[in-house]
Amino acid sequence: MQLNADQLPAHLKRNLAPVYFISGDEPLAAQECVDAIRAAARTAGFEERTLYTVESGFDWAGLYADTRAGSLFSAKRMIELRLPTGKPGEEGAKTLVELADHPSPDILLLVTTGKLEKQARSSKWASALERAGVAITLYPIEARQLPAWVERRMRARQLIPGAGVAEVLAHYTEGNALACAQEIDKLALFGPREVNADDIAGDLSDNARFTVYALTDAALAGNAAVILRIVKSLKAEGEAPALISWALAREIRELTRMAQVVATGRSVAQVLEEYHVWSRRKPLVQQALRRHSPDKWRELIGAAARLDRTVKGRRAGDVWLAIESLALALGGVTTAAYAMSGEVS
């Protein structure tokens, strides 16, 4: 049976399935589903929990034997199986099918994995797990859905979001639901209250001083000195290049779409309203849109794609130099490294 994450709490209140199968690439939602299943299992008398993580050379026969053995401590047990790669192999696939087709009445089996490829989703083992119990496939929250998600989460914690609060949080944490949840939890520490947009924006700005968000803002402003300082700081602090690449690409894609609309004759002010640009960022976005032509924005899209390949090791080059060059180019400064990067795809 397939459920979505929102349906899980109501299901757990009614009854427990013998098997739960959670897959997808949204870590926060996955952890919250797991926590909910664990809590329901404890309430139902599954007092003992055993955790297995599938790695190279994993003992599938040992796992199977454990599901058929009794426990010295509890009549009911919960077995969690983490399958990071989503590829159990031939022996693992057969074991999972057997466990799903012949579940033990005293064991609750929870299998978690990351995003599954199409072939894995339609495999016999995945189908068997879904058939035996409940399968939940998780997807990242889309940008257009994020403000509403933020508001629901705030209200669930007795926080009343003022005008613009959900949009501000959504902007600064897009693509990272866990970071967004942590910001909301910090706000909830002060008890039920209304949260003002200026207050939350100030907190986020302070926190973002040496983060990728500060870098994108500096790039939009065209402040080369600040760009160089922030890139140096991010490198020294060990920030993940993949996150920086994602943030720069996100800004470039959004601005490219806006520039295309402006090119049709719409005013910059109209486009900023249509794209719900946060008021404090409007001056930065205006500067960026007036700085580059639509052709230049398309060129920056290509440069962002090259940076992504460099970060992933699919293209030769100095990752940090490529990051610096793209950020400066977004700010209107073309370096020799940026110019040369376009010569090789």
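The values are calculated or read from the model by the stated rules, or taken from the named source; none is laboratory data. These numbers come from a predicted model, not from an experiment. With ideal geometry, Cβ positions are generated from the backbone for all residues, glycine too; neighbour counts draw on all protein chains shown.
Structure summary
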quantity	calculated
Those residues of segment 226-243 which are within 20 Å of VAL333 (Cα to Cα), over 23 Å from the mean Cα position of the chain (by Cα) and of a type in the set (A, V, I, L, M), in sequence order	VAL226, ILE227, LEU228, ILE230
Single residue of segment 126-173 satisfying the filter (of a type in the set (Gly, Ala, Ser) and closer than 26 Å to LEU116 by Cα) that is nearest to the chain's Cα centre (by Cα)	ALA143
Lone qualifier among THR264, THR256 - being without any contact (Cβ under 8 Å) to a residue 12 or more places away in the chain and of a type in the set (Ser, Thr, Tyr)	THR264
Residues within segment 49-63 that are surrounded by 16 or more Cβ atoms within 10 Å (Cβ to Cβ) and over 26 Å from the mean Cα position of the chain (by Cα), tallied	3
Only listed residue being more than 15 Å from THR216 (Cβ to Cβ), at pLDDT 90 or above, over 26 Å from the mean Cα position of the chain (by Cα) and surrounded by 15 or more Cβ atoms within 10 Å (Cβ to Cβ), chosen from VAL261, VAL268, VAL311	VAL261
Residue ID - modelled with the lowest pLDDT, chosen from residues in segment 314-345 that are assigned to a loop (DSSP other than H, G, I, E, B), of a type in the set (A, V, I, L, M) and surrounded by fewer than 15 Cβ atoms within 10 Å (Cβ to Cβ)	VAL344
Residue list for segment 159-175, restricted to those being in contact (Cβ under 8 Å) with a residue 60 or more places away in the chain and closer than 21 Å to LEU243 by Cα	GLU167, VAL168, HIS171, GLU174, GLY175
